[in-house]
Amino acid sequence: IEYVVTVSEGLNRFEIASIVSRLGIGTYDDFIRLTQDREFIQTNLGDDVKNLEGYLYPETYYVTRASGAKGLAKQMVGKFKESFAKVPTAAGTDIAVALDKQEIVTLASIIEKETGAPEERPLISSVFHNRMRKGMRLQTDPTVIYGIWTSTGTWNRNISRQDLLTPTPYNTYVIPGLPPGPIANPGLPALMAAVRPAKSEFLFFVSRNDGTHIFSRDYKQHRTAVGDYQLNRKAREGK
C-alpha cells in the first residue's frame, strides 16, 4: 500500500511530523528524532547542520509503511538537493548580500513564511537584503514563532507583543541578522528569491490582509500603512 504524503511550502518539521503521524507511517517523536540524527543528516544531506529544518523539500511523495518516515525523509532531502542545484549561489544583483548555503536556505524559509502572493517573493527578499546591508534587525514575526515552537514543542495561538520581546536564538527582533538556521521548508521559488531579490529601496512591509503587502521606504510611510491596514478594524474584517 502506498501512502500519498503532500507537504506544502512553508511547513516546518513539527508540522510534517504531524502529517507523518496522522497517516500512520511513523510516529511524531520518531520523525522529529530522525530530523536531528547527525548520522542520518550526514549520510543523506552531507552538510554539518543541527537538524533537517529547511532541507525537507515540499512536494508530493509516495511511501509505503515499510519505508516509513525514514524513507520519506530520504526522498525529501534528495529532492531538496536536486532543487538546490538549480539555485545560483553567487550574488546576482548589486543589492544582494553574499550568503552561504545555510544562510540562503534560512532566508528562503523566512521569505516563504512571509509571502502570501508568490509574485511578491523577490520584493520581500529585497526588504531583508536591504535591512542586512544597513545592519538593521530583520524583525520578522515567523522567526519569533519558530523560536517559541522549538523551545516549547508547540504553537497554537496568536503572536503577542511579549513574544516579540522574549529572547530566543531565532527571535529577529532581538538578534542581529539571520537566525541560526531555517524556520520552515522553502520551495524553489523562495530559494531563488533569496539570492535574486528585486531591486528596491524598501525597508518595511505590512499585510493588506489579503495575502499581499504594502511596501515602504521609511518608517513614517510604514506607520501610515500599519494604521490603514492593521489598526483599522474595517480593513481586517472578514480577512
Quiz item: Before we move on, is V105 more than 13 Å from the chain's Cα centre (by Cα) and either among the acidic types (D, E) or surrounded by 14 or more Cβ atoms within 10 Å (Cβ to Cβ) (or both)?
Solution: no
Self-check item: Identity of the residue in region 81-92, without any contact (Cβ under 8 Å) to a residue 60 or more places away in the chain and touching a Phe, Trp or Tyr at 6+ places or on another chain (Cβ under 9 Å), that ends up farthest from T27 (Cα to Cα)
Solution: E82
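So that you can scan it fast, the table gives a plain yes or no per residue for (1) at pLDDT 95 or above; (2) more than 22 Å from L191 (Cβ to Cβ); (3) among the aromatic types (F, W, Y); (4) in contact with a His (Cβ under 7 Å, 6 or more places away or on another chain):
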{"position": "I1", "(1), (2), (3), (4)": "no, yes, no, no"}
{"position": "V7", "(1), (2), (3), (4)": "yes, no, no, no"}
{"position": "N12", "(1), (2), (3), (4)": "yes, no, no, no"}
{"position": "E39", "(1), (2), (3), (4)": "yes, yes, no, no"}
{"position": "N44", "(1), (2), (3), (4)": "yes, no, no, no"}
{"position": "E53", "(1), (2), (3), (4)": "yes, no, no, no"}
{"position": "L56", "(1), (2), (3), (4)": "yes, no, no, no"}
{"position": "A66", "(1), (2), (3), (4)": "no, yes, no, no"}
Quiz item: Got a number for residues in region 1-44 being among the aliphatic types (A, V, I, L, M), farther than 15 Å from Q75 by Cβ and assigned to a loop (DSSP other than H, G, I, E, B)?
Solution: 2
Exercise. Please specify each residue of region 151-193 satisfying the condition of being aromatic (F, W, Y) and touching a Pro at 6+ places or on another chain (Cβ under 8 Å).
Key: Y170
Self-check item: Residue satisfying condition, being within 30 Å of N130 (Cβ to Cβ), among the hydrophobic types (A, V, I, L, M, F, W, C), touching a residue at least 60 places away in the same chain (Cβ under 8 Å) and part of a loop (DSSP other than H, G, I, E, B), within set L107, L56
Solution: L56
Quiz item: Scanning region 188-227 for residues that are buried (at least 21 other Cβ atoms within 10 Å of the Cβ) and small (G, A, S), which turns out farthest from S151 (Cα to Cα)?
Solution: A193
Quiz item: Just checking, how many residues over region 176-232 are assigned to a helix (DSSP H, G or I) and touching a residue at least 12 places away in the same chain (Cβ under 8 Å)?
Solution: 15
Quiz item: In region 31-85, which residues are among the charged types (D, E, K, R), surrounded by 15 or more Cβ atoms within 10 Å (Cβ to Cβ) and over 18 Å from P182 (Cα atoms)?
Solution: K70, K74
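The values are calculated or read from the model by the stated rules, or taken from the named source; none is laboratory data. Fair warning: this is a prediction, and the values are worked out from it, not measured in the lab. When we count neighbours, we look across all protein chains shown, and the Cβ atoms used for this are built from the backbone with ideal geometry, even at glycine.
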